[in-house]
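Since the structure comes first, as structure tokens, the remarks are kept for the end.
The values are calculated or read from the model by the stated rules, or taken from the named source; none is laboratory data. A quick note: this is a predicted structure, and the numbers were derived from the prediction, not measured. Glycine also receives a Cβ, built like all others from the backbone with ideal geometry; neighbour counts cover every protein chain displayed.
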Amino acid sequence: MKKTFKYFKTHPIYFLLFLCLLFLPPVIVAQPETQSTLIVRALGIDKTEEGYDISTVVLTPKSDQMFGENYKLIEGKGKSVSDAIAQIGVYSGKNIGLSHTGIVFVNDLACKTGLVEILDFLIREYSLGNNTSIMYVQDSTKDVINASLTLAKESEISLDEISVFNENKILFEKSTIESVHDSSNAPSRCSLLSVIKLSDENGLETKGSQSNESSGNEVSSGDQTESTQQSQEKNIENSGEALVLKEGKEKILLSKEEVLKYKWTKNSKGINYADVFILENFSDENLTNANVSVILENNKVEYNIDFNKAGNPIFEYKISPTVRIVEVNQKILDKDIYISPNKLSTNKLENAINSYVENNVREIITKLQFENLDLNKIYEKINAVDNKMFKKYLDQLSDKSKYLENIEFKYECQCEIL
Amino acid sequence: MIKTISVRQLSIIGFISVFALKLTILPSLFYQKSGIDALFSLFFLIIFDLLEYFIILKLLKQNQNKDFYQFLCDKTGKIVAKIILFLLFVFYFIKIILLTSGGYNFARNAIFKEAPLFLFAFILLSISNSLCLFKTQSYARTSEFFYPIILIMMSIFMIIALFTAPMQDLRPFFQNTFSNIFNTSFMFSIVSGNFLFMLFFMGRIKFKETKYKSYNFKILYGCFLVFLFYFIDYSIFKYTAMAHPQAISEIIQFLPLTNIIGNFDWLAVSLMLLLFSLHGGLFIICLSYSLKNILVNKKIKNKNLLSLIIINFLILIFIYFVFPKFEDMRQFVFNQYYVPILSSIVFFIPLFLYIISFIIEKINKKNRVILKRKKGITNINFKNKGMYYEKDF
Amino acid sequence: MIFRASKDLKAKMNDSEDVVIKEICCSNKEFNLIFVKTMIDEKSLTYAVIGPIIDYFSKKNNSVNEDFNINKIKNEVLKTLDVKLITKKESLNELSSNKVLLIIKGEKKILSIDIIKYPIRTPTEPPTSAVVKGPREGFVEDMNTNISLIRKRFNSQELTVKQMSIGKRSQTKISIVYLNQIVSINLVKRIEKKLKKINIDGVIDSYYLIPFLQNNPSSMFKQVGNCEKPDIISAKLLEGRVAIIVDNSPIVLTLPFMFIEDLQNSNDYYSLSQYATYIRVIRILGLLFSVIIPGTYISFRLYHYNIVPINFLVTIANSTASIPLTPFLEVIFILILFEILYEVSLRLPRYLGLATSIVGALVLGDTGVKAGLISPPGVMVIALSTIAVYTIPDQVDQINLLRATFIVLGSALGLFGIIAGFVFVIAYLNSLENYGVGYLAPFSPKISSDLKDGVIKSNIIYMKERPKSIKNKNKTRMKYDKDN
């Protein structure tokens, strides 16, 4: 015994290794975590009058399918989100793993009630990153998720990729748990959610082999409910619309055109065919009544903040888009339109583009001002530049929440045609 | 005294110690106290730290052949020396408990979901004690070995975050009063004092006649990186920083690269675990040295081992019984005044020692002059001071 | 007539059959030659010893009347290089050292003649250090040949050889070789002191000396360098190291040893420096893969699935869905299979080895996976790690042990265990006392000038100074002016 003690004293590494071996026995029989955990890839939260219906898309490993992802839909119901998710765990006999959840869907009622309370569980749950995308679904999230399973099986297109595309190329704004949480704490209190819906005509077809589906209170495989049958017949449409939330609650739904107008107020980089706009019936020295399709390459937006004599803020947008002419449709081919793009870019065309942009921005900002929705975080911007003057202005107001009303907006666009 | 640590190694340990406890839960705690102005609280803490660094460096240069305990006994007497060592012991003890439970909190959320506290404490204490049992030269060389990895990872992380993360304008500043900002600095003072470890390396550092500017630059760069980290954290989570207690791994999730490469917060977690190991080792070295010299009984043969056993035993008691939850620890350390008062006292130890040694040197010089006058020695020449006395009496 | 002294000597040599006593009688002078038949050059004995003696004494008989003098025989008669006068006490030692002893009747002193000849292998390329370009000579089992292989590379007075014998019964000859104007004399003295302290029965190979030369003999990490090529040894001598050549061993030891030496290969110095840098980076990656990857794989599967990217997770989850073994057991099983295959391939003759490798590949790579016993990721991980072990062939033993350790750490303690283990290993290596040289130099302690031949291999024209990690007298290696 003494010899052993002395040996360990002179060779502490072996003592440490011996201690590590004490941790080893349970490891010998320990199964990998992937077997005891349900890896959730998508989460759908349907708020109902009774509580919450949670639909989860879980990864089910299959040994004969090495590189393919095999998914299963599992539902749970509960009075709160965590309760419903716990039910799913109980039904499946596994722990719920939210670390690989790529997307969360929320339904109409959830947004109307107030998203922040609903997302409280997800915000507190560390394994689910706050940069997880959220998408708004007008009907039932379960139907959309069901349809997305078929889509994923048939193609490599997945809804979380579509959501990321929306954030980067359409909204130019994050539509994530963090953005909703941030907006509920920020003075402007507004955030955007991208919208996905099921449609009969537009979008991606999802007809094909049946998606695997089981609900928590039914035995798996076999019966399909009516709604899932319907969802299989409908298409998934990424409409390009956006839902505006104020204080986490649904306010207005921006149409696709309005979203495209809103985009002009955001910095953007890189070519994207979603950014094509058309100048109709345009005439200048080169063109006559032509429909000129222009693509936005880059957009740079700067702000100029000032205060007028009355102490009201003046917020000026300085928009500098870089555009390129991609298509010219002219009925009367009286002039040679296939000339180099440099020659096509005339002052008139530039002015037309500038006024187009300014009008668009004016329209959307006016609408947002009317609805008292500070999507552009104007409060923060003015507060950052001149905190004292802005405080004076706010103190003047009878209702401080309606600070947008008296702000004067100006717009200036100076485009560059490549 | 055998000099085993170079100035470069010392500055590298300083660089690494700057990150201690600061990259995980602390940004959110700071934010809860004083919002965005927490940046200034951090800034003041860093300035104090840097001042302390320069004072301690001067002390080390002046006492190159003395052990720290020897130095304390010479300047202040044995009793005061032991009191100072005791204060430093308590200071570092709180740090290591914070590291253990805070680190466990971080690791549990990041990677260790169901792991018990014992597992984390076992690993951390094992590696920390091992680093202490090997010579300080070995610890210094180990830090030097990992320095490029830590430097490159931190720098790349900061550069990528700075240029790609969605950052918001932090203005307006000073929404809180100065007293609030200073109060935050005061309440969180335990996380600074990162250069006090240099005192324990007194007498073991090889000072050569070279320029030390590049070594000071490492310390400054480390402080800059910490400040930049907080700046980035608050810029990304301007209004929600209090809900992000895993600062470094959460920031990585928000980088656009995650959409391309995929989740790579394992890099941040690995970096933090590496830093925990090195910080733990440093704290244990300081604790062990303090306790060794506090223990009075000369009959104890292996003071090193005994001090380590006592330290580990105390740590386990504190993390299991006194502060079983991190919340309790947090309440005690950051919301009550005991710990900030202790850390403030400890901060002034180097300055106190510097002043004491300055006064004592002056007194000694006067005594030497008086002695030499009594002996009738002419041409009393003080080296490098240009003072020159001639016998005129 | 056989002298009594000769009979005594043969008796002391246990009357071995190969100990021969040759009587010579001419001009009334009697001589006895006693030697070990199997260890001498018979031609030299005949023409350089016996022949000249007979000739001398037959001439003397005819013409010259000179006083007989043993020194004259030593200096004028015998035609061999190495002849010395010894006493009777030393005669047994000399005979056991395979010298020929010439006992002259009436003389107290004995002549010891060195005409040793035993089978020596021709220097060929050693199997452990193959090069694409560069010298292909390798050391052999004869110490003198080895010394000559080194000496021919130093046509100067600086190469110093010091010899000693170690081993009570084997009396194995050891040579300490160094460059006098470069090496630190303290280092040589320290090594000599350690070697002189060795009190052992016999030294069969240079590896017997290693534990005595190490400051931490129970450590599993290599602390003494070894090499089979004279060009590498010469390069190491030029850096200020000491070489220890052991008779009957083709492995030459060098001190002090730094880890970086095993990262370097002689190929690096005979090819493009940029390519050498690239290959060194690959070696380091190979080292990290081999040691850390299996443990990390297990820890990620057992504890940290949440930080594995989804694409990897899907592949691993699918492949391991129906495996009956737990991750830890699966990895251990595959590891053991690989180790068995390796051992078998070492021991089997070449013709059988080929069949075994095919069977092994089929069994492990294909059938095992199809049978669902093991998973492709597991096989991939262990195979990659096993192959990567051989990127640094001189550290195979250590890397294998470390790999097993990290597997245990990863399984028991997860990612933190692996990181803590890695920190521990580095700290331990830094604590190894290594003749005043940092084990992980020039990385820690960082020595900037030595980094030119660290991971990055600079062009030889930039390596003007000797490595500062090793204490040596003369720092300047080269004077080179680019412009001239």
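Can you list the helices (runs of 4 or more DSSP H) lying wholly within segment A:60-127 that have 1 or more residues being out of contact with any Cys (no Cβ under 7 Å at 6 or more places or on another chain) and within 23 Å of B:Trp266 (Cβ to Cβ)?
Values: elements: A:81-92, A:108-113, A:115-118, A:120-124.
Correct list: A:120-124.
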Is it the case, given these coordinates, that A:Pro25 is within 11 Å of another protein chain (Cβ to nearest Cβ), more than 24 Å from C:Val308 (Cα to Cα) and outside any strand (DSSP E or B)? yes
Given (1) buried (at least 19 other Cβ atoms within 10 Å of the Cβ); (2) without any contact (Cβ under 8 Å) to a residue 12 or more places away in the chain, C:Phe422 misses just (2)
Exactly one of (1) within 14 Å of chain A (Cβ to nearest Cβ); (2) of a type in the set (Val, Ile, Thr); (3) in contact with a strand residue (DSSP E or B) (Cβ under 9 Å, 6 or more places away or on another chain) is unmet by B:Thr136. Its number? (1)
I need the full set of residues from segment C:166-188 which are outside any loop (DSSP other than H, G, I, E, B) and more than 21 Å from the chain's Cα centre (by Cα), in order please. C:Ile185, C:Asn186
If you go through segment C:249-271 one residue at a time, how many are in a helix (DSSP H, G or I) and touching a Gly at 6+ places or on another chain (Cβ under 9 Å)? 7
Counted residues in segment C:446-467 being touching a residue at least 24 places away in the same chain (Cβ under 8 Å) and in a loop (DSSP other than H, G, I, E, B) come to 7
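Does C:Ile166 satisfy the criteria of being touching a strand residue (DSSP E or B) at 6+ places or on another chain (Cβ under 6 Å), touching a residue at least 40 places away in the same chain (Cβ under 8 Å) and surrounded by 13 or more Cβ atoms within 10 Å (Cβ to Cβ)?
yes
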Among (1) within 14 Å of chain A (Cβ to nearest Cβ); (2) not in a helix (DSSP H, G or I), there is one condition B:Arg108 misses while meeting the rest; what is its number? (2)
Can you go through A:Gly68, A:Gly129 and tell me which one is buried (at least 20 other Cβ atoms within 10 Å of the Cβ), at pLDDT below 85 and within 14 Å of chain C (Cβ to nearest Cβ)? A:Gly129
Working only within segment A:268-326, note down all residues that are of a type in the set (D, E, K, R), crowded, with 17+ Cβ neighbours inside 10 Å and within 22 Å of A:Tyr403 (Cα to Cα). none
When you go through (1) out of contact with any Ser or Thr (no Cβ under 9 Å at 6 or more places or on another chain); (2) not assigned by TED's automatic domain parsing to the domain that holds C:Tyr305; (3) not β-branched (Val, Ile, Thr) one by one for C:Gln395, which number turns out not to apply? (2)
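In segment B:69-122, which residues are of a type in the set (S, T, N, Q) and closer than 28 Å to A:Glu125 by Cα? Explain how you work it out, then say what you get.
Filtering segment B:69-122 down to residues of a type in the set (S, T, N, Q) leaves B:70, B:76, B:100-101, B:105, B:109.
Scanning segment B:69-122 gives B:Thr100, B:Ser101, B:Asn105, B:Asn109.
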Positions within segment A:274-305 being in a helix (DSSP H, G or I) and farther than 23 Å from A:Thr346 by Cα, in sequence order: A:Ala274
Is there any pair with a first residue in segment A:12-37 that is closer than 16 Å to C:Ser411 by Cβ and a second that is assigned to a strand (DSSP E or B) whose Cβ atoms are under 8 Å apart and which are 6 or more apart or on different chains, and what are they? A:Glu33/A:Gly97
Which one of the conditions (1) out of contact with any Gly (no Cβ under 9 Å at 6 or more places or on another chain); (2) within 12 Å of another protein chain (Cβ to nearest Cβ) does A:Met389 fail to meet, given that it meets all the rest? (1)
Which one of the conditions (1) surrounded by fewer than 17 Cβ atoms within 10 Å (Cβ to Cβ); (2) touching a residue at least 24 places away in the same chain (Cβ under 8 Å); (3) touching a Lys or Arg at 6+ places or on another chain (Cβ under 7 Å) does C:Cys25 fail to meet, given that it meets all the rest? (3)
Would you please name the residue that is surrounded by the most Cβ atoms within 10 Å (Cβ to Cβ), looking only at residues in segment B:117-156 that are closer than 20 Å to B:Ala268 by Cα and of a type in the set (Phe, Trp, Tyr)? B:Phe120
Only one residue in A:Thr150, A:Thr132 is of a type in the set (Val, Ile, Thr) and within 22 Å of A:Asn235 (Cβ to Cβ), so which one is that? A:Thr150
Considering only segment A:218-232, I want to know if a residue exists there that is modelled with pLDDT of 75 or more, loosely packed, with under 13 Cβ neighbours inside 10 Å and of a type outside the set (Lys, Arg). no
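May I ask you to verify whether B:Met242 is part of a helix (DSSP H, G or I), surrounded by fewer than 21 Cβ atoms within 10 Å (Cβ to Cβ) and within 13 Å of chain A (Cβ to nearest Cβ)?
On the way: part of a helix (DSSP H, G or I): yes; surrounded by fewer than 21 Cβ atoms within 10 Å (Cβ to Cβ): yes; within 13 Å of chain A (Cβ to nearest Cβ): yes.
For B:Met242, the condition - part of a helix (DSSP H, G or I), surrounded by fewer than 21 Cβ atoms within 10 Å (Cβ to Cβ) and within 13 Å of chain A (Cβ to nearest Cβ) - is met.
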Can you tell me which residue within segment A:164-190, out of those that are closer than 25 Å to A:Tyr403 by Cα and among the aliphatic types (A, V, I, L, M), is surrounded by the most Cβ atoms within 10 Å (Cβ to Cβ)? A:Val180
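Rundown of residues vs (1) β-branched (Val, Ile, Thr); (2) within 17 Å of the chain's Cα centre (by Cα); (3) surrounded by fewer than 20 Cβ atoms within 10 Å (Cβ to Cβ); (4) not in a helix (DSSP H, G or I), yes/no style:
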position	(1), (2), (3), (4)
B:Leu29	no, no, no, no
B:Ala38	no, no, no, no
B:Ile47	yes, yes, yes, no
B:Tyr53	no, yes, no, no
B:Ile56	yes, yes, no, no
B:Lys66	no, no, yes, yes
Run down C:Asp41, C:Asp82, C:Asp18 and say which single residue is within 30 Å of C:Ile166 (Cα to Cα), touching a residue at least 12 places away in the same chain (Cβ under 8 Å) and touching a Ser or Thr at 6+ places or on another chain (Cβ under 7 Å). C:Asp18
When you go through (1) within 14 Å of chain C (Cβ to nearest Cβ); (2) not in a helix (DSSP H, G or I) one by one for B:Ser277, which number turns out not to apply? (2)
Find all pairs meeting these conditions: Cβ atoms under 7 angstrom apart; at least six residues apart or on different chains; first residue within segment A:83-112 and of a type in the set (D, E, K, R); second residue in a strand (DSSP E or B). A:Lys94/A:Thr37; A:Lys94/A:Leu38; A:Lys112/A:Lys249; A:Lys112/A:Glu250
